[in-house]
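Enquirer: The structure follows.
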Amino acid sequence: MSQLLPYLFLGLLLLAVLVWWVWGAIIQRGAAEVLAPRQHRSSVRSVGLQGDLAERIFGPQDWDFVSRETPSEIQRMFQRERTALALAWLRRMRLQVSQVMRAHVVVAQQSDDLQLATEMRLALSYFLFLILCNSLIGWVWLHGPVRTRKIVGQTLQWAVRLRAAFEQLMATIDPASCRVVGAISITERFGAK
Amino acid sequence: MFGQVLWWTEIAMEALLVARAIGAKFYTKYTLFYFYVSSVLLLELFRFAVFTNLPNSYPLFYWRTQFLAATVGYAVMLQMYAQALRKCRGAVRVANALLLCILAAVMLKVIVGTVSGSGWSTGETMATLERDMRALQAALLLVIIALLAYYKIPTGRNLTGIIVGYSCYVGASVVTLGFGSLPGFGPRPAWRFVQPIAYLATLSIWCFTLWSYHPNPEPDPGSKIERDYKLLSDQTKRILSKARSYLKMRGEL
């Protein structure tokens, strides 16, 4: 019976990948977009707004005030609300990075000088990122945003950097619709490393 | 009786598929695919003749021709490969590398099997051989579909139908033939009908999606993006690396 497992696994994997592909095609058609960089640019802009909003939402001031001035019931309510907001914010961040990756594969699919090793590394990086991001979502879900305030703060800083990187990347992909803001390179924005 | 109904329905649908393609003049657009369908149609008619006139020879004839049908099935794979990836030079490079990996794995299995005497030897049943051939097709299909999904390569209705239909059939065949090769499962009547039913479902998908010609969407020349791949991949890599290291750092807190 154990000799059948590879065949069973292969057959089921094929059907699962097929469903994934068809589902993705339906979603893509529904959204009526095939990775248009201009649209990504607008979503990149929204990262900024979202980052500013998140800074306000996750800042320590509100929690300090609530914990000092309100009863425990209100504090619990506050924590519940902020957990939902933190999760929404992390999901949004995941979406933004996914859009960068999508923009990359659109260019890569027709690229003459595509390097297989680079593609594999990028794909692996992306999937690792997704795993880590989802883990963080789970962590926030379990512990709440108040106990993970430090993380949120760091995430906000990262989002600002990410926004710059998005702008730079979109300017590379579609310079006709993007203006490179200043002459600041990605390395400078992320810090030389 | 049920088997006979399935058989005749399959023959009728294959004939309809080929007749429609010839009538609507898009047979030549998917030559390899229609070569496969026509071959299977001829095989079915031959089988029926043998079944009617030489019933004792039918089981052997069936497995021999089934092996042939599985071999001709690679024409469908070639059709998918040629149609889906012909305008995506980057994706073709990745596909070629992955297909070479699969070929190397198959060669390794054959060599190991030959040395140990447990691989694809002539002593094995035709069902086992077909199962292994279908398994290889499933692996190739996985590569093609994964590339289409990963690189978001747009496909027309016809090609989508060919891929979905054939994948359903190959996936069902791999599982069915796997179970069917077990001593306890093969003789069961229910198992004998799974593959023909899957094939009938495949033919239904093909009839529906290949009723008229729908070519693959052409890339819009106005929005064609031609950029330095290295620059772009470096930037994407950097963003992902930063994002990942950040998340790793946060996860440890």
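Enquirer: Counting partner chain Cβ atoms within 10 Å of every residue's Cβ in B:192-202, what's the average?
Expert: 0
Enquirer: Within 10 Å of each Cβ in peptide A:92-102, how many partner chain Cβ atoms are there on average? Round it to a whole number, please.
Expert: Whole-number average of other-chain Cβ neighbours for A:92-102 is 2.
Enquirer: Same structure, new question: Please compute, for peptide B:164-176, the average count of beta-carbon atoms on other protein chains lying within 10 Å of each residue's beta-carbon.
Expert: 4
Enquirer: By its C-alpha gyration tensor, with a ≥ b ≥ c as the square roots of the eigenvalues, how is segment B:1-142 shaped: rounded for a/c under 1.5, else prolate for a/b larger than b/c, else oblate?
Expert: oblate
Enquirer: Could you run the Karplus curve 6.51 cos²θ - 1.76 cosθ + 1.60 with θ = phi - 60° over segment B:99-104 and give me ³J(HN,Hα) per residue in whole Hz, x for Gly and Pro?
Expert: Once rounded to whole Hz, the list reads 5, 5, 4, 5, 4, 4.
Enquirer: Sorting check: for A:114-120, B:148-154, which peptide has the highest mean count of neighbouring beta carbons within 10 Å, and how do the rest follow?
Expert: The peptides rank, most packed first, as B:148-154, A:114-120.
Enquirer: Mean separation of Cα pairs under 8 Å and 6+ residues apart, divided by the residue count of segment B:17-81: what relative contact order is that in percent?
Expert: It comes to 42 percent, rounded to a whole number.
Enquirer: Can you tell me the relative contact order of segment B:1-127? Whole percent, Cα pairs under 8 Å, sequence separation 6 or more.
Expert: Relative contact order, segment B:1-127: 20 percent.
Enquirer: Still on this structure, I have one more. May I ask you to order B:15-28, B:75-88 by the average number of other C-beta atoms within 10 Å around their residues, highest value first?
Expert: Highest-to-lowest ranking by the protection proxy: B:75-88, B:15-28.
Enquirer: May I ask you to evaluate 6.51 cos²θ - 1.76 cosθ + 1.60, the Karplus curve with θ = phi - 60°, for each residue of segment B:4-10 and list the ³J(HN,Hα) values in order in whole Hz, giving x for glycine and proline?
Expert: 5, 4, 4, 4, 5, 5, 4
Enquirer: Mind listing the phi-derived Karplus ³J(HN,Hα) values for segment B:131-141, rounded to whole Hz, using 6.51, -1.76 and 1.60 with θ = phi - 60°, and x for any glycine or proline?
Expert: Using θ = phi - 60°, the values come out as 4, 5, 5, 5, 5, 5, 4, 4, 5, 5, 4 Hz.
Enquirer: If packing is taken as the average number of other Cβ atoms within 10 Å across a peptide's residues, how do B:98-104, B:32-38, B:130-136 rank, most packed first?
Expert: Ranked by mean Cβ neighbours within 10 Å, highest first: B:130-136, B:32-38, B:98-104.
Bear in mind that the values in this text are calculations on the coordinates, not laboratory data. For clarity, every value in this text was computed on a predicted model and none was experimentally measured. Positions of Cβ are backbone-derived with ideal geometry, glycine not excepted, and every protein chain shown enters the neighbour counts.
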